[in-house]
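Worksheet: one structure, shown below.
Laboratory data are not the source of any read-out in this text; all were calculated from the coordinates shown. In this text the structure is predicted, and so the values were computed from the model without any measurement. Here Cβ is always computed from backbone atoms with ideal geometry, including for glycine, and neighbour counts include all displayed protein chains.
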Amino acid sequence: MTQALFLREGNLFVPTALSGGPWNPEHLHGGPVAGLLAYGVESALTNSGLRLARLTIDLMRAVPKKPLELVTETVRDGRRVQLHRCSLIADGVEVSRATGLFLEKRPVSVPPHGRFSDEALPPPPEKPEGSLSEVAGWSKAFTTQGLHTTAQAVRLDGVRGQGQGRVWMQLPVDVVAGETTSPLVRTATLSDFGNGVGQLYLSPQQGTINTDITLYLHREPEGPWLGLDARSRMETTGMGLVETTLHDPRGPVGKVLQATLAMDVYRP
């Protein structure tokens, strides 16, 4: 089996079985979509001194398990600020899009009251417990192969449909075959799991899906482990939001926000 989410064939990216989602065997999981779009905007970066501050992804349509094209456009190519836009095309139709905002990285002195929290999650173990699907108890409900059965995890607490969860995760395969996966692309790929880790069941028959991903990073994650501390809430109007704090073993590295809506689900 190819140990990657996508194979590159010229200008096209061909999804492998590992990129699938739990809902439909013909559609991709949101994580590989996010990772591929992050790969696109990062590839457009022209200044290695800049770092991603924000990645915004609109998951407009289900992404089919077909060859995909990335179309990238530079919106601003500055010395201190760059903005790149990337579209994911399937059969000539734009199915998802992203904008990546990159900012200059320079040393500054920050007073203690202005610094990010250093409150860390309990440290990750040496080895994962299994796939996220196994750790979260999704194996009976979702039997198809995909990112949920590929990404490795350790559960700290939650992840039981109550709108809260904390896990450590690893991505044991490359996003694009034959290319080293950068910390940004790996983080973007796993960031979509905020809604899964913090999944909120509205009833035994109804859960929530996310329609977007907005990833903020205040520093680049270090090491193979990414911690997700996710919280989900929803108004009676059906407007929901998942907020996930991302961690590496040193502490918080950023935030993920996802808008959610209700969707009927199968539960064992």
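Exposed loop sites here are trypsin sites (Lys or Arg not before Pro) assigned a DSSP state other than H, G, I, E or B and surrounded by at most 16 other beta carbons within 10 Å; excluding them, the longest clear run of the chain is 1-60. With each label modelled as a point 7 angstrom along the Cα→C-beta vector, the Leu7-Glu129 pair spans 3.5 nm. The eigenvalues of the Cα gyration tensor, multiplied by 5 and square-rooted, give the range 96-170 an equivalent ellipsoid with semi-axes of 33, 19, 13 Å from largest to smallest. Using the Stokes-Einstein relation with a Kirkwood hydrodynamic radius computed over Cα pairs, the translational diffusion coefficient of the range 143-193 at 37 °C and a viscosity of 0.692 mPa s comes to 267 µm²/s.
Going from the fewest other Cβ atoms within 10 Å to the most, the residues Asp157, Asp212, Asp248 appear in the order Asp157, Asp212, Asp248. For a paramagnetic label modelled on Gln206 (point 7 Å from Cα along Cα→Cβ), amide N atoms under 16 Å away belong, within the range 221-236, to 233-236. Looking at the chain, the pairs of alpha carbons with a distance over 29 Å make up 28% of the total.
Based on alpha-carbon atoms, the Kirkwood radius and the radius of gyration of the range 41-98 give Rg/Rh equal to 1.03. Each 10 Å bin from zero holds the following percent of Cα-Cα pairs in the range 1-99: 16, 48, 27, 9, 0.
Using a ≥ b ≥ c from the Cα gyration tensor of the range 63-187 (square roots of the eigenvalues), is it rounded, prolate or oblate, where a/c under 1.5 gives rounded and otherwise the larger of a/b and b/c decides, a/b for prolate? Note, shape of the range 63-187 comes out oblate. If the chain linking Arg219 and Met60 were pulled fully straight, counting 0.36 nm for each residue of separation and taking away their Cα-Cα distance, it would gain 54.4 nm.
Does the range 122-268 come out rounded, prolate or oblate by the C-alpha gyration tensor, with a ≥ b ≥ c the root eigenvalues, rounded set by a/c under 1.5 and, if not, prolate when a/b is larger than b/c and oblate if not?
Because a/c hits 1.5 or more and a/b exceeds b/c, the range 122-268 counts as prolate.
For the range 176-251, the alpha-carbon coordinates run over 43, 29, 19 Å along the three principal axes, in decreasing order. Taking GluC sites (Glu not before Pro) as exposed when DSSP calls them loop (any state but H, G, I, E, B) and at most 15 other Cβ atoms lie within 10 Å, what is the longest stretch of the chain free of them, the sites themselves excluded? It runs 27-118.
Here the Karplus curve 6.51 cos²θ - 1.76 cosθ + 1.60, taken at θ = phi - 60°, turns the phi angles of the range 208-215 into couplings of 9, 10, 9, 10, 7, 9, 10, 10 Hz, with x standing for Gly and Pro. Extending 7 Å from Cα along the Cβ direction at Val108 and again at Arg51 yields two label points whose distance is 1.3 nm.
When the Debye formula is applied to the Cα atoms of the range 17-66, each taken as the same point scatterer, what base-10 log of I(q)/I(0) results at q = 0.16, 0.19, 0.28, 0.30 Å⁻¹? Listed by q, the Debye log ratios stand at -0.54, -0.68, -1.08, -1.18.
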